[in-house]
Amino acid sequence: MALLRLYDYAPSGNCLKVRILLAHLGVSYERIGVDIFAGDTLTDDYARKNPARRTPVLEVDGQYLPESSAILWYLGHGTAYLASSPLTQASILRWLLFERENVEQIAALRFRLLAGLLDADDETVPARRTACRYALEQLESHVSEHSFLADGAYTIADIANYAYVHLVPDVDIDLGEYPAVRSWLARIEEQPGFVNDLAPMPANARVGRGLSIYG
Ligand SMILES: N[C@@H](CCC(=O)N[C@@H](CS)C(=O)NCC(=O)O)C(=O)O
């Protein structure tokens, strides 16, 4: 196996995705903490690793791979977490795209509320809530008929979607209204080697307290 180094922010769901898969695979890697609110991503050195100045980045034998979905794909290659059939792989890609387009709305709302970029009574919250509910409804409909997202087997598609679905913010969005989604989350947590070591957002994540791409 290549020499792996993960540039990682412990409270990030995008980074959690990668840590979950690495734990399942039992692969050893070096974890480099990146404090995205202490200016760690604002250096020229970090921009060489990821011009978008975001985490996670996986370093593979000196080569830098940003984007959580791309990292999951690379690490999953040749394992049951990616599958080998082209059709199942296409189905995995479908759910990775779903995560970016729809579940990302949950990630964005959660982050803005935690960082104080948005108040729960902000005028944009109802539209954001509708987008989050849409994502949950789509998932509910699929996982009420399938154990896992892509062709019924546990794959990186489930890991990618898990990361932010289990973090739905408490702004009148109740996971209790999505029982199949809750059962699917529980099935994921029962997988051998599963870890959820997400850290809480620290104080410097609040707007005005830290130094990040948000100012
Ligand atoms: N599409 C990217 C998104 C990565 C991303 O947004 N990462 C956040 C942490 S969850 C980050 O590093 N943000 C940097 C910042 O806020 O300064 C992925 O899937 O990896």
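The values are calculated or read from the model by the stated rules, or taken from the named source; none is laboratory data. The structure displayed is predicted, hence computed values, not measured ones. With ideal geometry, Cβ positions are generated from the backbone for all residues, glycine too; neighbour counts draw on all protein chains shown. Just so you know, the surface numbers come from the protein's heavy atoms only, side chains and all, with ligands and any DNA or RNA stripped out. Shrake-Rupley method; radii C 1.70, N 1.55, O 1.52, S 1.80 Å.
Give the stretch 52-68 a look and list any residue that's without any contact (Cβ under 8 Å) to a residue 12 or more places away in the chain, within 15 Å of the ligand (Cβ to nearest atom) and not hydrophobic (A, V, I, L, M, F, W, C), or say none.
Glu67
Hey, Leu211 hits all of (1) within 16 Å of the ligand (Cβ to nearest atom); (2) within 28 Å of Ala127 (Cα to Cα) but one; which does it fall short on?
Here Leu211 clears every test but (2).
Please verify whether Leu16 is in contact with a helix residue (DSSP H, G or I) (Cβ under 7 Å, 6 or more places away or on another chain) and farther than 28 Å from Val207 by Cα, treating the condition exactly as stated.
Details: in contact with a helix residue (DSSP H, G or I) (Cβ under 7 Å, 6 or more places away or on another chain): yes; farther than 28 Å from Val207 by Cα: no.
No, not satisfied.
From the list Leu22, Leu16, Leu3, pick out the single residue that is loosely packed, with under 13 Cβ neighbours inside 10 Å and either more than 15 Å from the ligand (Cβ to nearest atom) or farther than 20 Å from Ile213 by Cα (or both). Write out each step before concluding.
Values: Leu22 fails: loosely packed, with under 13 Cβ neighbours inside 10 Å; Leu16 fails: loosely packed, with under 13 Cβ neighbours inside 10 Å.
Selected residue: Leu3, the only one of Leu22, Leu16, Leu3 that is loosely packed, with under 13 Cβ neighbours inside 10 Å and either more than 15 Å from the ligand (Cβ to nearest atom) or farther than 20 Å from Ile213 by Cα (or both).
Give the stretch 25-44 a look and list any residue that's over 19 Å from the mean Cα position of the chain (by Cα) and within 15 Å of the ligand (Cβ to nearest atom), or say none.
Result: Ala38, Gly39, Asp40, Leu42, Thr43.
As an exercise: evaluate Ser84 against (1) crowded, with 20+ Cβ neighbours inside 10 Å; (2) of a type in the set (Ser, Thr, Tyr); (3) modelled with pLDDT under 95 and give the number of the one condition it does not meet.
(1)
Within the stretch 114-132, which residues are closer than 23 Å to Lys17 by Cβ, without any contact (Cβ under 8 Å) to a residue 60 or more places away in the chain and surrounded by fewer than 19 Cβ atoms within 10 Å (Cβ to Cβ)?
Quick first cut of the stretch 114-132, residues closer than 23 Å to Lys17 by Cβ only: 114-115, 117, 128, 131-132.
Cutting the leftovers down to without any contact (Cβ under 8 Å) to a residue 60 or more places away in the chain gives us 128, 131-132.
Scanning the stretch 114-132 gives a single hit, Ala131.
Testing Ile71 on (1) free of Cβ contacts under 8 Å to residues at least 60 places away in the same chain; (2) in contact with a strand residue (DSSP E or B) (Cβ under 6 Å, 6 or more places away or on another chain); (3) surrounded by fewer than 19 Cβ atoms within 10 Å (Cβ to Cβ), one condition comes back false. Which one is that?
Tallying (1) free of Cβ contacts under 8 Å to residues at least 60 places away in the same chain; (2) in contact with a strand residue (DSSP E or B) (Cβ under 6 Å, 6 or more places away or on another chain); (3) surrounded by fewer than 19 Cβ atoms within 10 Å (Cβ to Cβ), Ile71 fails exactly one: (3).
Just checking, which of Pro202, Pro169, Pro179 is more than 19 Å from the chain's Cα centre (by Cα) and of a type outside the set (Gly, Ala, Ser)? Don't jump to the end; show me each part of the working.
On the way: Pro202 fails: more than 19 Å from the chain's Cα centre (by Cα); Pro169 fails: more than 19 Å from the chain's Cα centre (by Cα).
Unique residue meeting the criteria: Pro179.
Limited to the stretch 126-143, what total is found for residues that are charged (D, E, K, R) and closer than 15 Å to Trp95 by Cα? Walk me through it before giving the result.
Applying the first criterion (charged (D, E, K, R)) to the stretch 126-143 yields 128-129, 133, 137, 140.
Imposing the further condition that a residue be closer than 15 Å to Trp95 by Cα reduces the set to 137, 140.
Within the stretch 126-143, residues that are charged (D, E, K, R) and closer than 15 Å to Trp95 by Cα number 2.
Testing Pro200 on (1) touching a residue at least 24 places away in the same chain (Cβ under 8 Å); (2) open to solvent by 50 Å² or more (accessible area, probe 1.4 Å); (3) more than 22 Å from Ala23 (Cα to Cα), one condition comes back false. Which one is that?
(3)
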